[in-house]
Each structure stands twice: as structure tokens, then as C-alpha cells.
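The values are calculated or read from the model by the stated rules, or taken from the named source; none is laboratory data. Note that the structure is predicted; figures quoted are calculated from it, not measured. With ideal geometry, Cβ positions are generated from the backbone for all residues, glycine too; neighbour counts draw on all protein chains shown. For the accessible areas, the whole protein counts, side chains as well, though only heavy atoms, and no ligand, DNA or RNA atoms are used. Shrake-Rupley method; radii C 1.70, N 1.55, O 1.52, S 1.80 Å.
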Number of protein chains: 4
Amino acid sequence: MSQISIKAGIIGGAGYTGGELLRILINHPHVEIAFVHSNSNAGNLISDVHSDLLGDTDLKFAAETSQDIDVLFLCVGHGDAKKFLSANHFDAKIKIIDLSQDFRLNKADGHILSAEGSNRTFTYGLPELQREEIRSASNVANPGCFATCIQLALLPLAAKGLLNEEVHISATTGSTGAGQSLSSTSHFSWRNNNLSVYKAFGHQHLKEITQSVKQLQNGFSKEINFIPYRGDFARGIMVSAYTEFEGTQEDAEKLYTDFYASHPFTHVSANNIDLKQVVNTNKCLVHIEKHGSKLMVLSIIDNLLKGASGQAVQNMNLMFGLDENAGLKLKPVGF
Amino acid sequence: MSQISIKAGIIGGAGYTGGELLRILINHPHVEIAFVHSNSNAGNLISDVHSDLLGDTDLKFAAETSQDIDVLFLCVGHGDAKKFLSANHFDAKIKIIDLSQDFRLNKADGHILSAEGSNRTFTYGLPELQREEIRSASNVANPGCFATCIQLALLPLAAKGLLNEEVHISATTGSTGAGQSLSSTSHFSWRNNNLSVYKAFGHQHLKEITQSVKQLQNGFSKEINFIPYRGDFARGIMVSAYTEFEGTQEDAEKLYTDFYASHPFTHVSANNIDLKQVVNTNKCLVHIEKHGSKLMVLSIIDNLLKGASGQAVQNMNLMFGLDENAGLKLKPVGF
Amino acid sequence: MSQISIKAGIIGGAGYTGGELLRILINHPHVEIAFVHSNSNAGNLISDVHSDLLGDTDLKFAAETSQDIDVLFLCVGHGDAKKFLSANHFDAKIKIIDLSQDFRLNKADGHILSAEGSNRTFTYGLPELQREEIRSASNVANPGCFATCIQLALLPLAAKGLLNEEVHISATTGSTGAGQSLSSTSHFSWRNNNLSVYKAFGHQHLKEITQSVKQLQNGFSKEINFIPYRGDFARGIMVSAYTEFEGTQEDAEKLYTDFYASHPFTHVSANNIDLKQVVNTNKCLVHIEKHGSKLMVLSIIDNLLKGASGQAVQNMNLMFGLDENAGLKLKPVGF
Amino acid sequence: MSQISIKAGIIGGAGYTGGELLRILINHPHVEIAFVHSNSNAGNLISDVHSDLLGDTDLKFAAETSQDIDVLFLCVGHGDAKKFLSANHFDAKIKIIDLSQDFRLNKADGHILSAEGSNRTFTYGLPELQREEIRSASNVANPGCFATCIQLALLPLAAKGLLNEEVHISATTGSTGAGQSLSSTSHFSWRNNNLSVYKAFGHQHLKEITQSVKQLQNGFSKEINFIPYRGDFARGIMVSAYTEFEGTQEDAEKLYTDFYASHPFTHVSANNIDLKQVVNTNKCLVHIEKHGSKLMVLSIIDNLLKGASGQAVQNMNLMFGLDENAGLKLKPVGF
């Protein structure tokens, strides 16, 4: 397989998801980076913006794109992916992986999404939900970070039709989830040693979560109550989710272990988990506890990897028939 | 009132709650510290253990106690308060404020608690619940930190009999909640930038929370689901609690504002809140949001102050007829 | 002394030093806040900007100033104090304490500084250097934060003429030293768990440090090498300074202890020190170690208190004949 | 080269350097882990101790060692490597890489070190100092973390005989430098948002630094003044070092760029640097500034990688004729 070489283009390479994608792709055994487009940084060294890549790459940001690529990653802001594809034509043979939220929600039944102004339809790119569909997809809408972590906590239950009561979720995200834009809630003096809630019961990722749950459990009609917190760390999301569950602890563990048995990045931990177990990896760890009549599921991901750029590469691997974990055997930071 | 001088003794002055109590009492206008007992540090300067007090006090830890005091603070571990009072007799005229959990739970109906081996009965020391009882109490059981923050989020609803469905709580505590004992979950390399859940659905503070809720709403019989998190900050607790609520946002704000109108440390914030607003203060801030059919209440305290030593001084102030906030007008850390 | 009431006005109350000043003054026993001026926030509640003051004050920011004050605090940006005093006349009987760097440097010999466009001369407000001059001053230039911490490490040596070789200083500051302006180096995702050097050998505070050293040791002509670091914490400055010293450890400890004997906020610690000992206090702790031929002095302050607003209040206390520590017996944060 | 497979044994695999070595080796293309010895954890899953490796390896800790290996890594405490080698014989054909400090210092002239009770001589394993000697070495003493970072700041000057005056160094280390032993200075409540100095002027790494400087600049006789700080982050070391330098900024940049031109992990940054650029990589970045008559050199490494286990693998690669960066193209954590 070592002869395979995929030419990749990146739009929006100067942001956080673009940088994280570059950190992965420059070491990916089957990828050649064709261009890294950036309006604001054209002509600058990539290592001048993502300064941790000094010594790892001499690439520069480009003002121009090219059709001589196999895959295009869109690392632009929400709303900008649609605009970009409307304004810029890419050959139909070029696969697209969009990291924005523009194409995550179905226009109609099924999991077909449409780019306005083009004939492209997008497949929702959560491998643990629909790996086979992704393998044959030409265009993938990469899931949101909270959406990924929460779905991986809930989907095994939905797959068995077991989400029959309200679901209660609290989840805390690192600051990189807010990107590199300066804001008062990402000011160090404010956020350091602080904690806060935002968008309670109204986070935009609830839509894609509900969409996936209903894909597996068609009649699901209960509330998913979701309280997102801003944590005082840079990377990672921890989710706790609970709902009524009639089975035993063992039933639940078997259910989750079976569901994720063939998936290389999502694992059920018999021990309690903590966020740093997954930081700088593409993994999701899930831990399950039955308490009284309720099942609590904890799940953790790195928001920039399994929650964004790592999952985008995982999707690319699937779309091009590579090993699912090619380029994604990342050393955990550990501490 | 400036002539009033209360002689205070402290048992267990070398720990975190003992240190925090000292930080308050050395500047309290009506308190004279008679002794600070410590088995492990007798003879040492207090500022050698609580090194931030260098320059503020020349007191030393004592091996001996004395009966020549007006109030005794017990800052010992859970279980050790009962043992200490069984082994050491203090005159009945000496008031006792116990910061452990030993006397928080009623033995029988009413809020009367008993120290084994003595005739002392303890009053549960949450001023927002029962300020008048505390004013006339001789012995006070100071509430737990999570218990304080959660009760202040729920009690106004209970007082109106409005807790009629399950309550869903997630709460995150700073590391000082675990005290000064070294442990793997308080090791900096592990806890820094980390997050984890512990004692889900089974935290010991649920008992005193339920006791207080039932005191206000006698027939309360629903589950209080509580997921505690270990946060990667040193001070503070943030609680989010929600349940079904039929009224409007305005109804809820009026309910909470009225309930806390006469209480100097608990305030309803119309704006969203963040943890550092209360760090290094004895305050609790509460913020309320109605979402769909549910009411979400956020509450924040400093676990070592309103959650421990600050509330202990507040109780002392009440027990001795002082201004409730004497010695407790603390400069917030802000950052 | 309790009848004394000083009317204070604040210019620039919405920034970090203005907020910190307010946190002190609202509890100061001899101060009445007459107005808190802010161009950007006029009409808003102070607790809407400094949200940790919710419940502590109902004051609002004002668009207007008043002559009916005893003291005016200037909490504006560097360069703006001169501009403000040029554009706004205040009666000569109103004392001024300027927290900017505009009046710290002598125009001529002696410690006389001039506000352009006025007859005011400013006294450099480091009490440990010249408390008597401050007591009789009408206008005080409050020292810089690094400048305070470094001077308190060096002045006892200078006072004895013992700075005869180069001085080597490294010092690390918390993020609040950079104020509330958003910037890439105060972005949480960048600064968290990070460290960096800035303005090496060229920090602007070197000028006031050298000025004070020469005031005590007239012929001082050696280099003061100063490397400032940005730390990943919010409050505090730690300085390590070393130079050649012929005496013994005991000589040095006596020298420093004698120098600070009468000063209520600066203490020599026989034990090693750590930054959090002084956070949320107006104190400076100094620790001394002789190694080989060199004397190393460590010093720590809270940059917003002894390094800014706390020292401003200390200066006010001196200028009005109050106890030097009135309103400044602050509970350390400890953790 | 893909057929090459090196069998590696690890002694002390449950500690921080052992865990970090495992994080690298399980993805190393040419290494097969033969055993991971641990007295305390024999029989336990590696992923139960290094829980971030869950899903990455099913290896268990072993109570026994084996002679069927090509290389043995010693990840034991200082002093324990000598003891281990005295008590346990390994065939002379097995190469040894010791991460402790036991064999770093020469017994005699040259860079030959001896293991007591064996005939093994150790080569000091800093590739930028003596890559060719490492290539032909059978036993390598892996440098200390501070020692690595400081040497990489100084060696280009020493190589040209330009260290002719005192050197002044301040350096800050993350908490992982202190390992996993619980201690008061690694207690989260203490260390979070804190800073402190330890072992000023007397850190044990000064010996190996001086040894290497003299190896390049034989007559070096000046003081290296070194103040180590404990930082409030988990990973990384930042060094600032300065000394007199007669040349220009350009001279210095050329000197350093030339010195490191052939070395894949050490790079000269024209831009200012910050610690997180190297976290989770085996890189060292160096930044140079001429100020007045002095040259300041900043250098940064990840203490567990280039400062320990990463450099150990780099040495292994050299000793076995592999690409120097095999298994070490690590994704930076970035944030």
C-alpha cells in the first residue's frame, strides 16, 4: 500500500482545525499536501503561523487552489463552506471533506446532504455510525466536536432502541473549541481557573445528534437535555450522559463493547476515565456505570482530533480504501 | 459593637479548612484567637504551615486546649469530630462549630443532632435555610461544600413545594475540596488540564441536601441525580441543576430574589455567571434560566469559604449576635 | 480615627487596576467613593463590568467627574494620564495618585516629576524607598509592578552601597499584568501551560529601577540584566536577582531584615518562598540565599496589589495620615 | 529498511520515563517490545497504569526479564541503574540505554563511563554533541532534561571557544520532571498558578553540562549560574542563557545554524519562541538575541521527550543504524 499517494488541498489552513490537519497530514504515509490555501496568510510559511511545525515543513500558504488534487479539506468557518463551494468549482472526481457544520443536516430523509449551487451530496462522517456509507462517499460532512462525543455515548443504546426516556447530558470543552478568534471568554486572565455554562439546552450540535439517534432509533421523541461548559483547559471534551436503562451493568458493557468491537478508535474502559487519556489522540474512550435505574455513560475525545481534524483524516482513509488508522497512530500527550 | 471580643479555639488548625479559618479570623474585628490546636504541628509557627500568613501573625500551634474560650471550631476530618468530643470535655457554655460531616444528619425528626458521649445537640448551619435557629444555637454543624452550593440552587423551589420531578445536577469542584492529603487525583501532573467524574449518583452530600429539601417540602420523594466532577482549578464549585418548572422566567427570578432578599451573601445574577466571581469571597451567586419546560439554576461558591470556613464564621456571627458579615467582607480575587 | 472619610474619585475604573482599586476601596474604612469615571461604561453598573462585585456595590460608572473629592486615582493607560491632566483641571488641594508610568521618571535631579500643563510635581510612590516623602506628597506616581518587585529585592543592597557588580534578574509575571486587552499572547489556548520571554534586556521598568537604585547608591553604574517571562497564571510576579556579595548569609539577612523592619507589607522569609504566598495581598516576601560569592534574592508580589492598586491605597493611607495598612489587611487566596 | 526489527526490553516501565518510552515504541516501525519489567506492577496491563494507552496495546508488565533482546532501556531512579546492572547480568551484545544519571559523568578523561560490577562503558548520549560516538556505542547514558536544554543553548558557543565569561541561566520545568511520586510541591492545590525556585546554583545537572562544555572548550573555567524554577505546567523546559559575546546577531545566528544544520531535531528559530512549540515532540528550538554586549539564547524542549525518552529512542536509532528520526515524527500537541 505504500505506493498510494493522495494529493490533498486544504482551504482555511491558518485556523485551528487547519493547523491540526496539517500536523497530521505532514506525517501521513499516503498523503502529499498539494496546497494550503489561506486568504490572510498567502505567501507566509506555514511554520510562521503554526509555529510548532518549525523544522517539520517548509510549505507556504497559497493564494491559489488547484484541480490537481484527490481530496479537498474545507477548514473554514460555519457558513463559509457553502459560500466557498458556490464560488469555486472543483471537478466531480475530487472528494470533499468539510469540517464546518454546513452540510451535516439532512435536507430530506436519509443521510443525503446537498451543497447549494452544486450537485454534491454529503454523507455524515461519523464512522461508528455509518462506516460503509463513508467508504463509498464522494463528499463527507465531518461531525461537530460535542456531537461526536455525545453520539459515541448514545448510539449503542439507540441502535437497540433503548433510548426511551429523556437523556441528561453535561459536557465540558477545552478552549480550542472556540478557535483562534480572540474573545473575552478565551482571555487567559478570565478563563484560567474558571468555569462557565453557555448555550444551555440550545447548543447547535443537538440537531446533528438528534438526526443520528433517529437514524438508528426511528421513533425517538424524548428530550436530550444538554448543558455545555467552558473548561479551563485547551484540548478535550468530557461528556456525561444518563438515562433510564432496564438492563444490568453487564448488559450495558456488552452492548457497548459489541457496538465498538470493529472500530479502531473507540474503546470501552472498564476503569473510570479522565480527559487526558485521549488528548492528542484520535481516540474516544467510553465508560459505563449503572446507578439505580439509570445508566451513566462517560465519553472523552480530543476536540481537535476525533472531534475535528483527526476524524476528517479517518474519513479520508475510509474514502480512499486506506487503513482506517493510517497516519492516526498518534502519541498521546499523557500529561 | 467594637468592644465585643470573642475568644476562639481551633482544633485541627493545620489543614485546609483550619488555615482558611485562620485567614479570616486574624482580621475579624471581634475575635481573639485563644489557641490553634494541632497534633502534628504543636510548637510550630502557624506561618510555617500556612506560609501565606507570614507577616500577618506570630501565633504558634498548641498541643493544649483551654476552657477559656467562647467558641470552638472543629476543623478535623470526617469522623474525628465525634471522637474528639467524646475524648475531650468542653464547658456547656462554649459554643461549638463543627466543619466535619459528623453532626449534619438528623438522628430523628427535626433538625436536632447529637454528639455521642455528650448532651450537645447540633443545628444544621445553613443560614439561608434557618438563620433564626442558628442565632439561638449552641452547636452548629457546618454544611458540606457541594451541599451548600446545591441547596442554594434548590431551596427556593422547595420552599414553595415546587420540586415535583427529578432533579438533575452536575457540579465541578476545585482541588482544595480534597484537602491537603497527597493523592494520585491531586497530583499536579495528572490533574492539570484534566477532568474526571467521581462518586456519580452516590456522593455523601446527597443526604444533607435531601434532608434540607424535605425540611422545606415535606413530601419530596423524587430522585436528585448528582454527577460530581473534579475540576482543574484550586478553589470553587459550580453547580448546574434543572427540573420541571411550570412558571415563567420572571416567576422564577422573583421566587429566588424574594427568597434571598434578606441574606447578605447570596445574590441572584441576571447575567450569566462564572466561577471566579465568587473565589475568595463568602458569596453565592445564583443564575436562573427557563428552557422549555425546565428551569436551570446555576450556583457558585468558594468551597473553602461559603462551602466551609467562611460559612463557619457566618454562623459564629449569627450565634453571637454580630453583624452577619463581620470579618467576611473579603476582597474577591477577581482573577 | 473612624470619623475620617476621604472622598475618592477614580478615572479609568473599567480596567484591571481600576477594578482592583474598587475591590479595595469599597471595604476601606475611611474612603467614600465619589465617582468612578469611565468613557466606555458610563451609566453601567460597576458590577456589570467587575462582575465579582455583584452584591457588594450598587455604584455605576459616571461620565462626569467632580471637584468635591480629596484624592483622584488615575487608572488609565500609559500616556493617558498626562493627556487627562492636561485636558482636565483639578483643584490643587486634590491629591493625585497616578497608576500609569507617566510621572515615574525624574525630569531633573531629586524625585520631583512634572505633569505637563500643570504645576503638579509627583513623588515616586514606593513606601519602602521614601515613606516620609510620600507622607507629605500631594501627587504620587505609583511604581510599576516589575519595578516594585525588583526594587524590593535590590534596595537594601543599594542603601549600603553594595551593588558593585552586574545584577542578573529573571522574573515572571501573571497575565493580568497585560491588562484586559485581548491579544494573541493572552489567548487562553496559547498561554495555558505555556511560557515565553519578552522585552529581554529592554523592559521599560528598568528606568525606574535604575533611578531608585541611584537614589540610594549614587555611583551605581553596572548593568541590570533583566529577562521578563510571561507565566501561565493570572496574578503575581516572582523575581530572582543575584549579584556579587562579600558578606555572609547572616550579614545579608540582617541587612534585609533591618531595612524592612518598620515596613508593614515587606517581610524577609527564612524559608524558601512560592508565588501564591502573596496572591491577593499587598505583601512582598523576600528570601535570601548566599551561594558561592553571590547573593540571590527572591521576591514575590501580587502584581495588581503591591504592584499596582494595593500600593496606590498604601500611598493614599500615607498621604492622608492613616494607618499604612488601613483597608489592606486582605485575606490571602492561599490556593 | 522495513525488515529491521529490534527487540527491546524496558526496566522500570511503570514510571513517567518508562511510560513515555512505551508511547513511542509501540508505534516505532522497527521495534518489537520484548518485555516491560516492573516490580510493582508485574502482571498488570500496561494500559492500567498508563491509561492513555488503552486500545493501543495489550501488553502486560512482567516480573521476569529475558536475554533475547537487542537493547535494554533502564527507566529506573537515580542510583538504581547501577544497582540493577550489578545484580543482573545481560549479554555483552545487548546494548543498554540508561535514562538515569548513574553513568553520565566521566570517571576519567574522555567520555568513557563505567558500570560498577561490569565491563560496560557508557557514552554520553547527546547526539548534537557526539553523534558519531553514539553510533558506535554499546551503552549510552541518556542526558538529563535540564542538561539537554541548557547544553543545546551553549554548545555552539563552546565549540568555537566563545564561552569566556560567566554564564547566567534561568530555566523553568514542568511538573513531570519530578516524576510520579506524590509530594507537597507536586500537589495540585499548591502548584496550580504557582511558581518557585529550587536548588539554585546547585542543581545536579550542572556537572554534566560543565563536562560537555569542557569537552568542546577545554579551558572553560567560568561559573555557570543556574536558577531552576518549578513551573505550573506539566511538560516542557524553557531555558534562557546569556553571556558576553563579541560578535553580531548575524554572527551568532550563523554559528548556531551551522552547528545544528545536520541535526534533525534541533532548529534555530528566527522568531521568538514559546514553550508549547515543542511539547509532545522530540525537538529543541533555539532562539538568539544579541543585547548590548551579551548574547541571550532561549531553548525549549519537552522534558519527557528530548529531555528523556525521546532522546533515548533517538540514541537507539543511531546505535542501530536507523534513520535518526524513526518513530519520532510526533504530532506536536500545539495547544
For the stretch D:138-152 versus the stretch D:310-331, the gap between their alpha-carbon centres in whole angstrom: 15
Entries in C:K214/C:K276; A:K93/A:K214; A:K294/B:K222 that, when Cα-Cα distance is taken, lie over 20 Å: C:K214/C:K276; A:K93/A:K214
For the stretch B:145-305, radius of gyration divided by Kirkwood radius, i.e. Rg to Rh on alpha-carbons: 0.97
Anisotropy class of the stretch B:219-287 from Cα gyration tensor, a/c 1.5 cut: oblate
Cα centroid of the stretch D:207-275 to Cα centroid of the stretch B:39-60, whole Å: 42
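Partner chain Cβ atoms within 10 Å, averaged over the residues of B:323-332 - can you pull that number for me? All intermediate terms of the calculation are to be shown ahead of the outcome.
On the way: counts 0, 0, 0, 0, 1, 1, 4, 7, 19, 11.
Counting other chains' Cβ atoms within 10 Å and averaging over B:323-332 gives 4.
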Three principal axis lengths of the protein assembly as shown [C-alpha, angstrom, descending]: 87, 81, 68
Cβ-vector label at 7 Å, D:A261, separations to other copies in nm: 5.9, 6.4, 8.2
Label point 7 Å beyond Cα along the C-beta direction, distances from A:A42 to other copies (nm, shortest first): 4.5, 6.6, 8.0
Principal-axis tilt of helix C:310-319 within chain C, Cα atoms, nearest 10 degrees: 80
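Which number comes out as Rg/Rh for the stretch B:25-65 once both Rg and the Kirkwood Rh are worked out on C-alpha atoms? Provide the component values of the computation, followed by the final result.
Values: Rg = 10.3 Å, Rh = 10.6 Å.
We get a ratio of 0.97 for the stretch B:25-65.
Give the average, rounded to an integer, of partner chain Cβ atoms located within 10 angstrom of each Cβ in D:275-285.
Details: counts 5, 12, 9, 3, 6, 10, 5, 0, 4, 1, 4.
Shielding by partners across D:275-285 averages 5.
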For A:D70, solvent-accessible area (1.4 Å; no DNA, RNA or ligand), Å²: 60
Chain lengthening between C:S136 and C:K199 when straightened (0.36 nm per residue, less Cα-Cα): 19.1 nm
Span per principal axis, largest first, for the Cα atoms of the stretch D:49-187 (Å): 51, 42, 27
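For the protein assembly as shown, what does the helix formula give at 222 nm: sum of -39500 (n - 2.57) over DSSP H segments with n ≥ 4, over the residue count, nearest 500 deg cm²/dmol?
Working: 36 runs with 333 residues, N = 1340.
Rounded to the nearest 500, the figure is -7000 deg cm²/dmol.
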Nearest 10 degrees, 0 to 90: helix B:206-216 Cα axis against chain B principal axis: 70
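Excluding ligands, DNA and RNA, what is the solvent-accessible area per residue of the protein assembly as shown at a probe of 1.4 Å, expressed in Å²?
So the protein assembly as shown comes to 33 Å² accessible per residue, rounded to a whole number.
Rounded if a/c is under 1.5, else prolate if a/b beats b/c, else oblate: with a ≥ b ≥ c from the C-alpha gyration tensor eigenvalues square-rooted, which is the stretch A:184-267?
Working: a/c = 2.35, a/b = 1.69, b/c = 1.39.
Note, shape of the stretch A:184-267 comes out prolate.
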Cα shape, the stretch D:1-93, gyration tensor, a/c 1.5 rule: oblate
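First compute the accessible area of the protein assembly as shown with a 1.4 Å probe, then give the percent of it belonging to carbon and sulfur atoms. Show your work: numbers first, answer last.
Working: 20360 of 44560 Å².
Roughly 46 percent of what the probe reaches on the protein assembly as shown is carbon or sulfur.
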Buried solvent-accessible surface, both chains (D, A), 1.4 Å probe, Å² to nearest 100: 2900
Chain C: angle of helix C:249-260 to the longest principal axis, Cα-based, in degrees nearest 10: 20
Relative contact order (%) - criterion: Cα under 8 Å, at least six apart; region: chain A: 17
Members of the stretch D:4-52 that become less accessible by 30 Å² or more once partner protein chains are added (1.4 angstrom probe, chain alone as reference): D:Y16, D:R23, D:N27, D:S51, D:D52
Rough spin-label spacing in nm, given labels placed 7 Å along Cα→Cβ, for A:N272 and D:E32: 4.0
Furthest towards positive pole of dipole, B:L155, B:Q180, B:S212, structure part the stretch B:145-305, Cβ charges: B:Q180
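Is there a simple number for the mean count of other chain Cβ atoms within 10 Å of the Cβ of residues in A:165-176, and what is it?
On the way: counts 0, 3, 0, 7, 2, 9, 1, 5, 0, 6, 7, 6.
Per residue, the average neighbour count from other chains is 4.
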A:E165 accessible area, 1.4 Å probe, all protein chains in place, Å² to nearest 10: 90
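If the convex hull of the alpha-carbon atoms of chain A is projected onto planes in all directions, what is the mean projected area in square nanometres?
Values: hull surface 67.4 nm².
Its Cα hull, projected and averaged over all orientations, spans 16.8 nm².
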Per-copy distances of the A:Q3 label point, shortest first, in nm (7 angstrom along Cα→Cβ): 2.0, 10.1, 10.2
Closest approach to the axis - chain B beta-carbon, rotation onto A, Å: B:S170, 2
Residues of the stretch B:202-236 buried by at least 40 Å² on assembly (accessible area, 1.4 Å probe, chain alone as reference): B:I227, B:Y229, B:D232, B:F233, B:A234, B:R235
